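Engineer: Would you mind keeping the following structure in view while I ask a few things?
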Amino acid sequence: MVDLNDYILKLSAELPVRFDYARKLRRRFLFEKLALVVDEYLNGGLPKTILLPGLRGTGKTTLLAQLYFHVLSQTSDVIYFSADELHLLGFSLHEAVDRYFKLFRPERPVILLDEVQYDDNWDLTLKVLHDSKRALIIATGSSAIKLRESADLARRAIHIGIKPLSFNEYLHLIGEDTLPQQLEALFEWEIDKLEKAVSGTARFGDRVEMYLRTGSLPVALEFDERTAYELIFSLMERIVYKDLPEVRNFDSSTLDSAMRLLVLLSNPKGERFSYEKLSKVLGVSKGTTIGLVKAFVASDLLLEIPPVGSVSKKIRKSPKLKFLAPSFRAALLSKFDVVETAPLLEDAVALYLSGEGTLEYEPGKGGADFVLTRNGRRYVVEVGLGKDDYSQVRRSMERLGAEFGIVIGKEFEMKGNLLMIPWWAFLGLM
């Protein structure tokens, strides 16, 4: 059996080598924000607990590795623990952190904790550490950790979700010049800024499609498309067989059904399937199908978009389901050699809009792709690579009483409360 003292001493010595790969990688935008928190703490600020939940493949471990070197440049009082690794060795987070304090007696320690969901008492451990005010704690975990988090820790910790990459952040990570972030200009109808965004994105050409196919997940950026798809597909398998059991006690046959469910939903027509149809195709109960969808939503693999309308309508109508990272859908579709840009674009639009207000869709034939309520305004949004008119948007605006209509298509123009913007330019806004 491994001795905990020996493990921690060896880990501390080996971390610079283990994380050496991260030195050459560009940093996600969030790094700068977290580095400021670290600097404030090391200069006498109060200890904090920061939770970073997110999907596999979004670069959480690399982010911790880069923060490790940032801390190490100022103090040796830094340690990293992977709860997954500790679990395999038979140790708990509490034991490891407590032993670290006893071995090193750090003055102002920074404790980096990875994949905390693999520790049965992770939330209690973080609460106790937070209340002791002995360290700055930065911890990552699956998006589903919020389902197991205690109310006490939820009140104490700062939560920052790690999302898939925007097109702008993708450009940054591959070493390209970035664009001004102009998503606010879209909602404020600022035509001058939008015109600049349109002209600014024209030079990127096939970079836009590569972003949709493989570029929304940092883990896939260094690989060719085929290898990237294989890697992303294996990530989905780990989410299904390793992360979903953390959300709910699914048996092995249900987990197999979960993989088939993802394949069904990757079909562009599958997003509006009823739960009844999905359960029939899968050969499982409707309750199990709903449970799997809810688990994928909790894990941030899928984005659930409810229909516009009353509570009863939201209950009767199945939600629209989008993949939070377009690259997940692309990897599934690649198994059938049918990776089309249009459904990936809708995923990306949903990702962008979901952080801007209440996102819904209009059910029924001819209904709007998205209905966004933001700061008291309602926007009807239609998405399509070749869309060049406002007819569908106008009909939805009249039915819903919406103030503004946006077509994400192939042209750029503004007519009163109607706006058309090229799809590649829209992606460059955030």
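The values are calculated or read from the model by the stated rules, or taken from the named source; none is laboratory data. Keep in mind that what you see is a predicted model, and the values were worked out from it rather than measured. Please note: Cβ atoms are built from the backbone with ideal geometry, for glycine as well, and neighbour counts cover all protein chains shown.
Engineer: Condition check: assigned by TED's automatic domain parsing to the domain that holds V240, under 21 Å from E340 (Cα atoms), part of a helix (DSSP H, G or I) and over 22 Å from the mean Cα position of the chain (by Cα). Does A202 satisfy that?
Structural biologist: Yes, satisfied.
Engineer: Name the single residue that is surrounded by the most Cβ atoms within 10 Å (Cβ to Cβ) among those in the range 163-201 being more than 30 Å from S299 (Cβ to Cβ) and of a type in the set (S, T, Y).
Structural biologist: Only one residue fits best here, namely T201.
Engineer: Residues of the range 321-343 being closer than 16 Å to F223 by Cβ, under 18 Å from the mean Cα position of the chain (by Cα) and either at pLDDT below 95 or not in a helix (DSSP H, G or I) (or both), which ones?
Structural biologist: A325
Engineer: Still on this structure, I have one more. Tell me which residues, restricted to the range 94-124, are aromatic (F, W, Y) and either in contact with a strand residue (DSSP E or B) (Cβ under 6 Å, 6 or more places away or on another chain) or free of Cβ contacts under 8 Å to residues at least 12 places away in the same chain (or both).
Structural biologist: Result: Y100, single match.
Engineer: Taking Y211 and the conditions (1) under 21 Å from I406 (Cα atoms); (2) touching a residue at least 60 places away in the same chain (Cβ under 8 Å), which numbered condition does it fall short on, given that it satisfies the others?
Structural biologist: Here Y211 meets the rest and fails (1).
Engineer: Ok, one more. Looking at (1) among the aliphatic types (A, V, I, L, M); (2) surrounded by fewer than 23 Cβ atoms within 10 Å (Cβ to Cβ); (3) in a helix (DSSP H, G or I), which is the one condition that is false for V284?
Structural biologist: Going through (1) among the aliphatic types (A, V, I, L, M); (2) surrounded by fewer than 23 Cβ atoms within 10 Å (Cβ to Cβ); (3) in a helix (DSSP H, G or I) one by one, V284 breaks only (3).
Engineer: A further question on this structure: From the residues in the range 108-124 that are of a type in the set (D, E, K, R) and not in a helix (DSSP H, G or I), which one is surrounded by the fewest Cβ atoms within 10 Å (Cβ to Cβ)?
Structural biologist: So the residue we want is D120.
Engineer: Something else about it: Out of (1) in a helix (DSSP H, G or I); (2) within 30 Å of G161 (Cβ to Cβ), what's the single condition that is false for M397?
Structural biologist: Unmet for M397, out of (1) in a helix (DSSP H, G or I); (2) within 30 Å of G161 (Cβ to Cβ): (2).
Engineer: Given (1) modelled with pLDDT of 95 or more; (2) surrounded by 20 or more Cβ atoms within 10 Å (Cβ to Cβ), identify the lone condition not met by E230.
Structural biologist: Condition not satisfied by E230: (2).
Engineer: Counting only residues that are acidic (D, E) and over 16 Å from Y80 (Cα atoms), how many does the range 1-39 have?
Structural biologist: 3
Engineer: In addition: Being modelled with pLDDT under 90, more than 23 Å from the chain's Cα centre (by Cα), part of a helix (DSSP H, G or I) and among the charged types (D, E, K, R) is the requirement here; does E195 meet it?
Structural biologist: yes
Yes/no per residue for (1) surrounded by fewer than 15 Cβ atoms within 10 Å (Cβ to Cβ); (2) of a type in the set (S, T, N, Q); (3) not in a strand (DSSP E or B):
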| residue | (1), (2), (3) |
| --- | --- |
| G45 | yes, no, yes |
| H70 | no, no, yes |
| T75 | yes, yes, yes |
| L88 | yes, no, yes |
| F91 | no, no, yes |
| V97 | no, no, yes |
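Engineer: A further question follows. Does the range 78-92 contain at least one residue that is in the same structural domain as R148 (by TED's automatic domain parsing), touching a Lys or Arg at 6+ places or on another chain (Cβ under 7 Å) and closer than 27 Å to E32 by Cα?
Structural biologist: No, the range 78-92 has no match at all.
Engineer: On the given criteria, is L244 in contact with a Gly (Cβ under 6 Å, 6 or more places away or on another chain) and surrounded by 15 or more Cβ atoms within 10 Å (Cβ to Cβ)?
Structural biologist: no
Engineer: So, one more: In the range 163-188, which residues are of a type in the set (A, V, I, L, M, F, W, C) and either in a helix (DSSP H, G or I) or modelled with pLDDT of 90 or more (or both)?
Structural biologist: Matches in the range 163-188: L165, F167, L171, L173, I174, L183, A185, L186, F187.
Engineer: With L9, L52, L63 as the choices, which residue is outside any helix (DSSP H, G or I) and either within 22 Å of S143 (Cα to Cα) or of a type in the set (A, V, I, L, M, F, W, C) (or both)?
Structural biologist: L52
Engineer: Answer yes if at least one residue in the range 142-162 is crowded, with 23+ Cβ neighbours inside 10 Å and modelled with pLDDT of 95 or more, and no otherwise.
Structural biologist: no
Engineer: Within the range 365-382, can one find any residue that is over 29 Å from the mean Cα position of the chain (by Cα) and surrounded by fewer than 20 Cβ atoms within 10 Å (Cβ to Cβ)?
Structural biologist: yes
Engineer: Another question about this same structure. Return yes when L429 is in a strand (DSSP E or B), surrounded by 21 or more Cβ atoms within 10 Å (Cβ to Cβ) and of a type outside the set (K, R) and no when it is not.
Structural biologist: Against the criterion (in a strand (DSSP E or B), surrounded by 21 or more Cβ atoms within 10 Å (Cβ to Cβ) and of a type outside the set (K, R)), L429 does not qualify.
Engineer: Mind listing whichever residues of the range 66-87 are in contact with a Phe, Trp or Tyr (Cβ under 9 Å, 6 or more places away or on another chain), farther than 21 Å from H159 by Cβ and aliphatic (A, V, I, L, M)?
Structural biologist: V78, I79, L86
Engineer: Further, regarding this structure: Name the one entry in K127, K146 that is outside the structural domain of Y352 (by TED's automatic domain parsing), outside any loop (DSSP other than H, G, I, E, B), charged (D, E, K, R) and touching a residue at least 40 places away in the same chain (Cβ under 8 Å).
Structural biologist: Of the residues listed, the single one that is outside the structural domain of Y352 (by TED's automatic domain parsing), outside any loop (DSSP other than H, G, I, E, B), charged (D, E, K, R) and touching a residue at least 40 places away in the same chain (Cβ under 8 Å) is K146.
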